[in-house]
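Each remark here refers to the structure printed beneath this line.
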Amino acid sequence: MSEAVYKKVEIVGSSKTGIESAVQNAISQAGESIRNMRWFEVVETRGHIVNKRVDYWQVTVKIGFHVESPGGETREKITEARGAEKQPQKGSKQNEGTFRCTVCGYVYDPAKGDPDGGIEPGTPFDKIPDDWRCPVCGVGKDKFVAQ
Ligand code: FE
C-alpha cells in the first residue's frame with residue numbers, strides 16, 4: 001500500500017498554555033471527525049496580546065490524513081471508527097438519508113443537520129443549498145455519496 005493517497009486540511013488551534021498545546025488542541029479537535037491522521041506541519045504561529053502579555057497562542061497546522069479509495073478497506077475502517085459517534089451499520093434503517101464526504105469521511109445526518117453551517121436538523125441532503133460545504137474539509141456537495 002505504498003501508493004496511498006493523502007489529503008491535507010489546514011486548521012488553527014489555540015491555547016493559553018503554549019504552542020505545543022495549541023498544536024495538540026488542533027489535532028485533538030480534528031480527530032473528532034477526521035480518521036487516519038498521519039502527520040502535521042506547522043504553517044504559522046501567532047498569538048494574541050493583552051496588556052503586554054501573551055494572552056493565547058494560535059497555531060495553524062496542516063494535518064495529513066489517509067484518503068480511502070472507493071469501496072476500499074480504509075473506507076470501511078472509517079465507517080467503523082465513526083461508530084464512536086453511534087454511526088449505524090451499513091444497510092440499517094437509521095442509515096437512510098445519510099451522505100458521506102468521500103474526501104474526509106464526514107457523514108451528513110439529516111436528523112442532525114449542520115446547524116453551524118445553517119442547515120436545520122431534519123433537512124434532507126437534496127434540500128441543502130448547492131453552495132453548502134463539508135463542515136470538516138470544505139469540499140462541495142458533489143463530493144458526497146449516499147451511504
Ligand atoms: Fe469532507
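Since every read-out is calculated from the coordinates, none of them should be taken as a lab result. What you see is a predicted model; the values in this text were computed from it and never measured. Cβ sites come from the backbone with ideal geometry, for glycine too, and all protein chains shown count toward neighbours.
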Built amide H within the under 5 Å cut-off of Cys104, gap 5+:
none
Least to most buried among Arg38, Arg133, by other C-beta atoms within 10 Å and fewest first, runs Arg38, Arg133
Shape call for the range 92-147, from the Cα gyration tensor axes a ≥ b ≥ c (a/c under 1.5 means rounded, otherwise prolate when a/b beats b/c, else oblate), comes out oblate
Beta carbons within 10 angstrom, averaged per residue: use that to sort the peptides 136-145, 22-31, highest first.
22-31, 136-145
Using the Karplus equation 6.51 cos²θ - 1.76 cosθ + 1.60 (θ = phi - 60°), what ³J(HN,Hα) coupling, rounded to whole Hz, does each residue of the range 20-33 give in order, writing x for Gly and Pro?
5, 6, 5, 4, 4, 4, 4, 5, 4, 5, 4, x, 5, 10
If you average the C-alpha positions of the range 101-147 and of the range 18-40 separately, how far apart do those two centres end up, in angstrom?
22
